[in-house]
Amino acid sequence: MSTTTTTMTAVRQHGFGGPEVLHAEPVPVPTPGPGEVLVRVHAVGVNPPDWYLRAGMPEVPAYLRPPMELPMTLGTDVSGVVEAVADGVTEFVVGDEVFGLLRFPEPMTAAAYAEYVTAPVTDLARKPASLDHGRAAAIPMAGLTAWQFLVEVGHDHPNPFQESPHVPVPLGPGTTVVVNGAAGGVGHLVVQLARWRGARVVAIASGRHEAFLRDLGVDEFVDYTVQRPEEAVSGADLVVDVVGGAASGRFLRTLRPGGALFPVYVAEYDPDEVAAAGVTTSATQVRADGTQLARLAELFDEGVLRVAIDRTFPLAAAAAAHAHAAEGHLQGKIVLTVEA
């Protein structure tokens, strides 16, 4: 492994708090270890775990928080070019264009808000040839979340959210999937994967997203600002609730007996109501998986899937990107771009 560059810019934080704790600083270029490559980053995807970690995860009890050492560099989703490879690595060579979700669910060790990042080869796939680095960087966490919830979990690690493994619901013609938060980074990919599997898709979002979601092919649109989704939809086979929270239980009444509710983010619902409705609830935690990313890359190159960018910011403006994310109601993903 060799690279002529020894110093790079990374966005780091020396304390926990709001977006203002993020600052661009010079740091040493990391060295890839066994089974890793060094990636020259061209773009970084911004994800909810980034701002949870930035704040120090204050809503999580101290005994449940992962270790967080300062100073810390956030970020897990990258697209870039292999700059160097560790001895013995044969999966990629210098010059390969790659993208990946790095080291998740241990994001404190990924450090992707930087000009260079080391990456396990198992977390990477070749970038979709049809996409630029900005769009490729928007895919990994959102795309793998959608894939592992809907298509294939792909691992047998213990589920941190429930005792039993998550099992995707078989989808095809004649099945109906409701997606709450359908316009966001995960939601708009769930919509497309459900359609790819042949399901009828009902999208729930605010009215300003209707044209966007209609263009993605949703069969029905519900504007939650003017109509209660639980009154507009019934008999669904699956609800994927990307929003979660205390209101998630209302979607139990949109399901047919035997249906399922998949909360992507932490949700609250009454177990007695779940049992009375005759439905199941299930969730899983997304994990890095280069093999699954390669399959997603094929679907993007085939034109089956599209990825939307809400807004891009330069790497050094990561604080502004986080402030924008806090405003909510995103259409697709936020991406940080890195100058060559």
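Of the residues making up region 159-189, those that are within 21 Å of Tyr224 (Cβ to Cβ) and assigned to a loop (DSSP other than H, G, I, E, B) are Gly181, Ala182, Ala183, Gly185, Val186.
Residues of region 110-138 that are assigned to a loop (DSSP other than H, G, I, E, B) and either of a type in the set (Gly, Ala, Ser) or not assigned by TED's automatic domain parsing to the domain that holds Thr90 (or both): Ala110, Ala111, Ala112, Ala129, Ser130, Ala138. Just one of the numbered conditions (1) farther than 18 Å from Ser248 by Cβ; (2) in contact with a His (Cβ under 6 Å, 6 or more places away or on another chain); (3) outside the structural domain of Val98 (by TED's automatic domain parsing) is not true of Ala183: (1). Could you check, for region 203-222, whether at least one of its residues is of a type in the set (A, V, I, L, M) and in contact (Cβ under 8 Å) with a residue 60 or more places away in the chain? Checking region 203-222: at least one residue is of a type in the set (A, V, I, L, M) and in contact (Cβ under 8 Å) with a residue 60 or more places away in the chain.
Conditions (1) in contact with an Asp or Glu (Cβ under 6 Å, 6 or more places away or on another chain); (2) at pLDDT below 95; (3) outside the structural domain of Ala125 (by TED's automatic domain parsing), marked per residue:
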{"residue": "Arg197", "(1), (2), (3)": "no, no, yes"}
{"residue": "Arg200", "(1), (2), (3)": "yes, no, yes"}
{"residue": "Asp219", "(1), (2), (3)": "no, no, yes"}
{"residue": "Val222", "(1), (2), (3)": "no, no, yes"}
{"residue": "Glu230", "(1), (2), (3)": "no, yes, yes"}
{"residue": "Val243", "(1), (2), (3)": "no, yes, yes"}
{"residue": "Ala247", "(1), (2), (3)": "no, yes, yes"}
{"residue": "Arg253", "(1), (2), (3)": "yes, yes, yes"}
{"residue": "Ala260", "(1), (2), (3)": "no, no, yes"}
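Thr76 fulfils the conditions (1) in contact (Cβ under 8 Å) with a residue 24 or more places away in the chain; (2) over 23 Å from His23 (Cα atoms) except for a single criterion, (2). The single condition from (1) buried (at least 17 other Cβ atoms within 10 Å of the Cβ); (2) part of a loop (DSSP other than H, G, I, E, B); (3) small (Gly, Ala, Ser) that Gly33 fails is (1). When Gly88 is tested against (1) within 17 Å of the chain's Cα centre (by Cα); (2) on the phi > 0 side of the Ramachandran plot, only condition (1) is not met.
Taking the criterion of being surrounded by fewer than 16 Cβ atoms within 10 Å (Cβ to Cβ) and among the hydrophobic types (A, V, I, L, M, F, W, C), the only residue of region 262-273 that qualifies is Val266. What pairs come up if the first residue lies in region 297-314 and is closer than 20 Å to Gly184 by Cβ, the second is in a strand (DSSP E or B) and basic (Lys, Arg), and their beta carbons are under 8 Å apart, counting only those six or more places apart or on different chains? Going by the 8 Å Cβ cut-off, the qualifying pairs are Val307/Lys333; Ala308/Lys333; Ile309/Lys333; Asp310/Lys333.
Only one of the listed residues (Val98, Val93) is outside the structural domain of Val186 (by TED's automatic domain parsing), buried (at least 17 other Cβ atoms within 10 Å of the Cβ) and either under 14 Å from Gln292 (Cα atoms) or of a type outside the set (Asp, Glu) (or both). That residue is Val98.
The single condition from (1) touching a residue at least 12 places away in the same chain (Cβ under 8 Å); (2) under 26 Å from Thr122 (Cα atoms) that Thr280 fails is (2). Elements of the type strands (runs of 3 or more DSSP E) sitting completely within region 190-277 and holding at least 2 residues that are out of contact with any Leu (no Cβ under 7 Å at 6 or more places or on another chain) and not hydrophobic (A, V, I, L, M, F, W, C): these cover 220-223, 255-263. Restricted to region 183-197, and to residues there that are of a type in the set (A, V, I, L, M, F, W, C) and touching a residue at least 40 places away in the same chain (Cβ under 8 Å), the residue that is farthest from Asp215 (Cα to Cα) is Val186.
The values are calculated or read from the model by the stated rules, or taken from the named source; none is laboratory data. A quick note: this is a predicted structure, and the numbers were derived from the prediction, not measured. As a convention, Cβ positions derive from the backbone with ideal geometry for all residues, glycine included, and neighbour counts pool all protein chains shown.
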